[in-house]
Each structure stands twice: as structure tokens, then as C-alpha cells.
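The values are calculated or read from the model by the stated rules, or taken from the named source; none is laboratory data. This is a predicted model, so every value here is computed, not measured. In this analysis, Cβ positions are derived from the backbone assuming ideal geometry, glycine residues included, and neighbour counts consider all displayed protein chains.
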Amino acid sequence: MPITVAGFSRAVYWFSVAITLYFIFFYVILYRTIKDKVSNYPSPTARVGFYSHASIGSLFFLSGLIQFNSTLRRKYKTLHKISGYFYFTLSILSILSLIPILVGGSETGMSAWLVVTLTGPLWLWANYLSYKAIINGDVTLHRRMNIRAFGFANSIIWMRPVVSILAAPWTVTSIDQVQPRIAEALKGGMWFTFLVEIMAVELFLYFEDNARASLVTSAGIPFLTSQEKSMINLFDKNPFTSAKVSRIEMLSKSVLRIVFHLEGKAIITGPGEHISLRAKVNGKTTTRNYTPITTRSNMEAGLVELVIRLVPNGAMSSILQSSITNDTTKELPAFQISHCLEGFDYQVNQHSVLLMAASGTGITPMINIARYILKNPVDKTRIHLIFSVRNAEDAFLEDILKELVQTATPSRFSYEIKYFLDGEVVTAESIRSYTINKESYHILLSGPERFMVPLEARLSALDKTVPVFSFGISDR
């Protein structure tokens with residue numbers, strides 16, 4: 001079975017969860033605090049520093065685990081956002097809490113002073129870059145810097161077994177019980193754990209980059225070529241590319257179709273991947289994420305096509321509405337677009353059937369994924385899509401769905417449209433009814449939370465073994 005980015009990431013995440021919980025409850029609380037009674041910190045100042053740092057650090061690790069849980073991130077966006085601010089604040093407090101430890105007498109002496117003063121600012125800088133990236137709408141850079149910062153912090157956990165290993169030859173429980181010069185050398189070796197952890201994180205990101213760069217089909221046809229991949233510089237100070245509105249039309253009273261022409265490098269998206277759209281008007285910047293429905297040939301020509309629902313008082317909706325009306329009394333928005341790498345981890349022929357249920361503009365990632373699958377001649381996966389809309393007027397993009405039916409191998413793609421104002425409600429049972437016994441299938445949901453949350457809960461109740469993936473569609 002091939003190692004995938006998603007599978008490897010999940011394994012690393014849950015391993016980190018186990019190690020972190022063990023560290024907090026067994027090492028910090030039971031051993032250091034209750035049994036050992038913080039004996040290595042004899043001065044009152046150092047002991048206050050230890051308790052502060054241990055409690056803040058434990059909360060930091062727990063909030064970090066919430067941040068990196070993809071399920072919580074998709075289902076509970078508000079929780080993810082709140083825990084993110086909490087996580088960033090704890091990063092600062094954890095560094096400040098080290099001051100009384102260092103002043104009161106750290107068990108690791110001079111080496112602790114050197115490491116904290118040299119690496120502490122770098123760690124805070126990585127957290128700051130992560131925070132700045134998400135404020136700017138750069139989800140990819142935000143995630144990468146978060147991984148770097150959290151991995152760096154995890155070296156504190158991995159340092160503990162290193163201490164035991166270094167102290168073992170002298171049959172002591174603490175490095176401080178060894179001769180002073182030897183102890184200081186051993187402490188320097190202990191802090192070397194930081195470098196090892198940093199290298200491990202960079203190797204993980206390198207593996208992830210190479211795995212994503214090879215998003216290839218079984219036929220060996222690359223979806224992202226190495227040349228295109230090299231154009232995606234995740235460390236650009238400004239990852240956004242200027243874009244001009246090429247075409248705009250209303251698909252219904254509240255849904256528009258807009259095509260942007262990029263003035264810089266082309267953006268090539270993978271299955272389910274989204275882009276960040278930024279608009280600047282009167283000095284104020286607004287950023288939102290959307291999944292494009294652009295064909296491969298149009299992507300290569302520097303076009304990005306989006307379908308967006310306009311909502312009352314929505315920040316981006318108001319900007320786009322002014323673009324439609326050509327209001328000359330208002331400043332024209334300056335648009336920019338950035339590439340993101342977060343998407344649906346699709347594997348060729350992993351399942352017999354891919355069941356899709358979308359509501360409203362939630363149809364966009366489904367079209368993106370369906371095109372990707374159907375263009376591969378060796379992929380035998382069948383796709384059935386249920387599109388939930390208010391009425392016939394809201395059945396936008398049906399022309400693309402009909403085109404997919406005509407171009408696909410017979411029986412590989414089918415769809416049905418349900419009008420919920422006429423009582424045609426999408427249920428978990430109606431989604432699963434398309435499959436036949438013993439078929440392996442994967443379910444994708446996309447649309448507003450009021451559509452996805454009850455469906456996902458019911459699907460899980462019917463069969464927890466069936467994988468369900470949800471795309472979040474938020475207020476625009």
C-alpha cells in the first residue's frame with residue numbers, strides 16, 4: 001500500500017497526540033510535580049517559573065493539537081479560529097515564563113541561557129509568520145510555519161529521554177550529579193535535540209512537497225508538472241498575483257460567475273484545491289477562499305474561473321456587487337489571487353464509487369474533482385452527484401454537468417438535481433442508495449453547514465467505516 005501525504009500526516013499527528021498526552025500527564029504532572037516535587041529547582045523563583053511554564057506549555061500543546069486536527073478544522077471553524085489566537089498568545093507567554101526559571105537557576109545552567117536567547121526569538125518569529133500568513137489569506141504558508149513552530153516546541157518533549165540516555169553511563173538520575181565540566185558538555189548535547197527536531201520537520205515538509213508535486217495519475221500524466229510546482233514559491237513575501245476581471249455574469253439572482261486573468265504566473269490547482277481571492281478597496285483588504293471551476297487549458301492560459309454566491313452585507317460580496325454594477329462613484333477594487341495546496345487527497349481506483357452531495361456553490365469543488373478523475377483513462381471510479389438547490393433557477397452550472405456526462409466513459413459519471421423548495425430533501429439514505437452491495441465507496445459533502453452537518457452525522461450513524469469528507473462553504 002503506497003504511503004500518501006494524508007496517511008503519513010495522520011500517522012504523525014496521532015503519534016504526536018499520544019506522546020504529548022503522555023508527556024503532560026505522566027511526566028510533568030505525576031512525576032515532576034507530584035513525585036519529584038520539582039527537586040531540580042530549589043529556589044522559589046525557579047519553582048514559580050517551572051509551574052508557570054509547565055501549565056502554559058501544557059495548554060500550548062493541547063491547543064496545538066486542536067489546531068492540527070483536520071476534522072475539527074473543517075467542522076468547527078470558529079473553534080479553530082479561537083484556539084489559533086489562544087495558541088499564538090500561549091507561544092508568547094511560554095517564552096516569558098522561562099525568565100524566572102533562568103533567573104532563579106535552571107537545572108541546565110549556561111546552555112539553557114544560550115539556547116533560549118538564540119532560539120526563542122526564532123521560534124516566536126515562526127509563530128509570527130504563521131499568524132501573518134493567515135491574516136493575509138495565505139493558508140499554505142500559515143500551515144507550514146505552524147508545523148515548523150510546533151515541531152520546534154516538541155523538541156522539549158523529545159529532550160527528556162535524551163537526558164536519561166546521557167545520564168545513564170554515570171548511573172545518576174540527573175546530569176547535575178555528574179562532574180561540572182562533563183555535565184555542561186552533556187547539557188550541550190541534550191540541547192542538540194532541537195536541531196534534530198528541526199531536521200525531522202524539514203524532512204517531513206520535503207516529503208510532503210515531493211508527494212504533492214507528483215500528483216500524477218496511473219497513466220503517468222502529471223496534474224502538476226515539476227516546472228509548475230517550482231513556480232509556487234511558498235515563501236514569497238507576497239504570494240498573491242495581480243488579477244483583472246475578464247468576464248462576469250449572473251447565473252441567478254444571487255450567484256455570479258467571474259473569470260479573472262492573472263497578470264503574473266499561472267495557477268494550476270489539484271483536485272479540490274482552492275485559491276485565495278484578495279480585494280483591496282479604499283485601503284481596506286478583504287480575503288476569501290474559493291474553489292475554481294477552471295479547466296486545465298484555461299488555467300494554463302492564466303485564467304481563474306469562480307462561482308460565488310452573493311450574500312447580504314458580505315464583505316467580498318459587496319465588493320463583487322460593485323464590480324457588476326460598474327459604479328463609477330466608487331474606487332475600483334484591486335484583485336489579487338494566491339495558490340493554496342489544501343485539497344481532497346484523491347487516490348486512483350481506491351474506491352469503486354465516489355458519491356458527491358453538494359448544495360448551492362458547494363458544487364464547485366465537486367466539478368473540480370470530477371474533471372480530475374474523468375480525464376484519467378485508467379481510473380475506473382464511478383461518480384454520482386446529487387445537487388441540491390432551491391429551484392430550477394438555482395441549478396447553475398448544469399451545462400458543465402451535462403458536458404461531464406457526455407465526455408465521460410459510459411456510466412462513469414451521473415448526476416441528479418433535487419429542488420428542496422419542492423420537498424426534494426437530500427438524505428443520508430438517498431446518498432447511499434446509489435451503491436450496490438459490497439462496493440467500496442467514498443462520500444464527499446460540500447455546502448453550507450446546515451446542509452452538511454446533519455448529513456455527516458446521519459451518515460456516520462449508518463456506517464462509521466465509510467469515509468466522509470466535507471468541504472467547508474462559509475459566508476462570503
(request) From the list PHE68, PHE25, PHE60, pick out the single residue that is in the same structural domain as PHE150 (by TED's automatic domain parsing) and more than 15 Å from PHE150 (Cβ to Cβ). (result) PHE25
(message) Residue pairs, Cβ under 7 Å, 6 or more apart or interchain, first in segment 435-464 and free of Cβ contacts under 8 Å to residues at least 60 places away in the same chain, second assigned to a loop (DSSP other than H, G, I, E, B). List them.
(response) LEU459/VAL466
(message) Please determine whether any residue of segment 435-454 is polar (S, T, N, Q), under 24 Å from the mean Cα position of the chain (by Cα) and part of a strand (DSSP E or B).
(response) yes
(message) Of the conditions (1) at pLDDT below 85; (2) more than 26 Å from HIS274 (Cα to Cα), GLU424 satisfies every one except a single condition; which number is it?
(response) (1)
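Please find, among PHE260, PHE240, the residue that is under 28 Å from SER322 (Cβ atoms), at pLDDT below 85 and among the aromatic types (Phe, Trp, Tyr). Spell out the reasoning first.
On the way: PHE260 fails: at pLDDT below 85.
Going through PHE260, PHE240 in turn, the sole match is PHE240.
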(message) Testing ALA392 on (1) buried (at least 17 other Cβ atoms within 10 Å of the Cβ); (2) without any contact (Cβ under 8 Å) to a residue 60 or more places away in the chain, one condition comes back false. Which one is that?
(response) (1)
(request) Considering (1) under 30 Å from ILE134 (Cα atoms); (2) among the polar types (S, T, N, Q); (3) surrounded by 19 or more Cβ atoms within 10 Å (Cβ to Cβ), say which one THR381 fails and leave the rest. (result) (1)
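On the given criteria, is ILE386 assigned to a helix (DSSP H, G or I) and in the same structural domain as PRO467 (by TED's automatic domain parsing)?
On the way: assigned to a helix (DSSP H, G or I): no; in the same structural domain as PRO467 (by TED's automatic domain parsing): yes.
In short, no.
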(request) Would you mind telling me which numbered condition in (1) in the same structural domain as PRO454 (by TED's automatic domain parsing); (2) at pLDDT 90 or above PHE335 fails? (result) (1)
(request) Please work out if VAL405 is more than 23 Å from VAL348 (Cβ to Cβ), among the β-branched types (Val, Ile, Thr), not assigned by TED's automatic domain parsing to the domain that holds GLY270 and not in a strand (DSSP E or B). (result) no
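Test ALA358 against the criterion of being in contact with a Gly (Cβ under 6 Å, 6 or more places away or on another chain), among the aliphatic types (A, V, I, L, M) and at pLDDT 75 or above, and give yes or no.
Working: in contact with a Gly (Cβ under 6 Å, 6 or more places away or on another chain): yes; among the aliphatic types (A, V, I, L, M): yes; at pLDDT 75 or above: yes.
Yes, satisfied.
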(request) Kindly indicate the residue of segment 22-46 that is crowded, with 18+ Cβ neighbours inside 10 Å and at pLDDT 85 or above and also farthest from the chain's Cα centre (by Cα) among those meeting that condition. (result) VAL28
(request) Return yes when ARG247 is modelled with pLDDT of 60 or more, surrounded by 15 or more Cβ atoms within 10 Å (Cβ to Cβ) and of a type in the set (D, E, K, R) and no when it is not. (result) no
(message) Restricting to segment 408-434, and then to whatever is in a strand (DSSP E or B) and out of contact with any helix residue (DSSP H, G or I) (no Cβ under 6 Å at 6 or more places or on another chain), can you tell me which residue is farthest from VAL468 (Cα to Cα)?
(response) TYR419
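Every residue in segment 249-268 that is part of a loop (DSSP other than H, G, I, E, B), farther than 12 Å from GLN336 by Cβ and not hydrophobic (A, V, I, L, M, F, W, C), please. Let's see the steps before the verdict.
Residues of segment 249-268 that are part of a loop (DSSP other than H, G, I, E, B), as a first pass: 251-254, 263-268.
Applying the additional criterion that residues be farther than 12 Å from GLN336 by Cβ yields 251-254, 265-266, 268.
Hits for segment 249-268 are SER252, LYS253, SER254, LYS265.
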